[in-house]
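The values are calculated or read from the model by the stated rules, or taken from the named source; none is laboratory data. Everything numeric here is computed off the predicted structure, so don't read it as measured data. All Cβ positions, glycine included, derive from the backbone under ideal geometry; neighbour counts span all protein chains shown. Just so you know, the surface numbers come from the protein's heavy atoms only, side chains and all, with ligands and any DNA or RNA stripped out. Shrake-Rupley method; radii C 1.70, N 1.55, O 1.52, S 1.80 Å.
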Amino acid sequence: MDSLSSRFDAAADALASVGWCVLPRLLPEEPTAALAEECAAMHAAHRMTPARVGAARAATPLRGDHTRWFEMNALSEAQRPFVRALEALRHALNRSLMLGLVESEAHYAVYAPGARYARHLDRLRHSAARVVSAVYYLNEAWDPDDGGALRLYLDEGRTHDVLPQAGTLVLFLSDRFEHEVLPATRERMSIAGWIRRREPGVLP
């Protein structure tokens, strides 16, 4: 993870200045491919569930993906390199920005062709725990014509679209930027993650 140190420092600077950034080629091809293979296998084996939203985990037509959460105390071999990188990022952000981040969470997400996730904010209504959102893509040879971009709604009415190309990591402040997943013409796989602070009043 030492090779990531300078990139994570640059990510911290970007989060502090504009609130978001994109890091291409976070992990080498082999561990990214292993994540994609595991995600696809879980989906094919019906080990994923239709995604829910909010603290009440309610079903909604506004979100069309299927998910499976990582068990952080029982990670698979494929998941470990990604979670190590996420933890290295957490430490870098604490070192540079003193955000008080204590843990991370993540899940696989698979969108069937045509599925979407409508514009939303990642921070839950009654919780300030999620500080930084992290989305990692697992799709090889993604073409712009395939669609499926993550659209970030930035300041001053601007938007920025990120194609879900394998190895790309998108980071943004969870309470600041609304975003949506646009429909794709092919199956779309990703890992959605959040780096969290402790809830006020919750003991370690």
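Suppose we keep only residues that are in contact with an Asp or Glu (Cβ under 8 Å, 6 or more places away or on another chain) and not β-branched (Val, Ile, Thr) within the stretch 123-138. Which one would you say is modelled with the lowest pLDDT? Quick ask: steps written out before the conclusion?
Going through the stretch 123-138, the residues in contact with an Asp or Glu (Cβ under 8 Å, 6 or more places away or on another chain) turn out to be 123, 127-131, 133.
Add one more test, that the residue is not β-branched (Val, Ile, Thr), and what stays is 123, 127-130, 133.
Details: Arg123: 81, Ser127: 84, Ala128: 88, Ala129: 94, Arg130: 95, Ser133: 98.
Of everything passing the filter in the stretch 123-138, Arg123 is modelled with the lowest pLDDT.
Limited to the stretch 91-144, what total is found for residues that are farther than 23 Å from Leu15 by Cα, touching a residue at least 24 places away in the same chain (Cβ under 8 Å) and not in a loop (DSSP other than H, G, I, E, B)? Qualifying residue count for the region: 7.
So, in the stretch 65-114, exactly how many residues are basic (Lys, Arg) and within 12 Å of Ala134 (Cβ to Cβ)? So that I can check it myself, show each step before the final result.
In the first step, residues of the stretch 65-114 are kept if they are basic (Lys, Arg); the result is 68, 80, 84, 90, 95.
Okay, now just the ones that are also within 12 Å of Ala134 (Cβ to Cβ), so 90.
The qualifying residues number 1.
For the stretch 151-204, the set of residues classified as in contact with a His (Cβ under 9 Å, 6 or more places away or on another chain), over 30 Å from Ala41 (Cα atoms) and part of a loop (DSSP other than H, G, I, E, B) consists of Leu154, Glu178, listed by residue number. Among the criteria (1) part of a helix (DSSP H, G or I); (2) over 19 Å from Ala166 (Cα atoms); (3) of a type in the set (S, T, N, Q); (4) modelled with pLDDT of 95 or more, the one Ser76 does not fulfil is (1).
Please indicate, with yes or no, whether at least one residue in the stretch 51-62 is at pLDDT 95 or above and open to solvent by 60 Å² or more (accessible area, probe 1.4 Å). Looking through the stretch 51-62, none of the residues is at pLDDT 95 or above and open to solvent by 60 Å² or more (accessible area, probe 1.4 Å).
For the stretch 187-204, the candidate set comprises residues that are over 19 Å from Leu62 (Cα atoms) and touching a Gly at 6+ places or on another chain (Cβ under 9 Å); within that set, the residue that is modelled with the highest pLDDT is Arg197.
Glu105: modelled with pLDDT of 95 or more, touching a Ser or Thr at 6+ places or on another chain (Cβ under 9 Å) and charged (D, E, K, R), yes or no? Break it down stepwise before answering.
Numbers: modelled with pLDDT of 95 or more: yes; touching a Ser or Thr at 6+ places or on another chain (Cβ under 9 Å): no; charged (D, E, K, R): yes.
No: the conditions fail for Glu105.
Here Thr168 meets the list (1) open to solvent by less than 70 Å² (accessible area, probe 1.4 Å); (2) over 26 Å from Asn94 (Cβ atoms); (3) of a type in the set (Val, Ile, Thr) almost entirely, failing just condition (2).
Contact map, the stretch 152-167: first residue within 18 Å of Tyr136 (Cα to Cα) and touching a residue at least 60 places away in the same chain (Cβ under 8 Å), second residue open to solvent by 70 Å² or more (accessible area, probe 1.4 Å) and of a type in the set (Asp, Glu), Cβ cut-off under 7 Å, separation 6 or more or different chains; pairs are Ala166/Glu140.
Looking only at residues that are within 14 Å of the chain's Cα centre (by Cα) and open to solvent by 20 Å² or more (accessible area, probe 1.4 Å) in the stretch 67-102, which one is farthest from Asn139 (Cα to Cα)?
Going residue by residue through the stretch 67-102, those that are within 14 Å of the chain's Cα centre (by Cα) are 67-70, 79, 82-83, 85-87, 89-90.
This time we only want the ones that are open to solvent by 20 Å² or more (accessible area, probe 1.4 Å), so: 68-69, 87, 90.
Details: Arg68: 17, Trp69: 19, Glu87: 23, Arg90: 25 Å.
Result: Arg90.
Every test in (1) in contact with a helix residue (DSSP H, G or I) (Cβ under 8 Å, 6 or more places away or on another chain); (2) within 24 Å of His160 (Cβ to Cβ); (3) open to solvent by less than 50 Å² (accessible area, probe 1.4 Å) is passed by Ala16 save one, and that test is (3).
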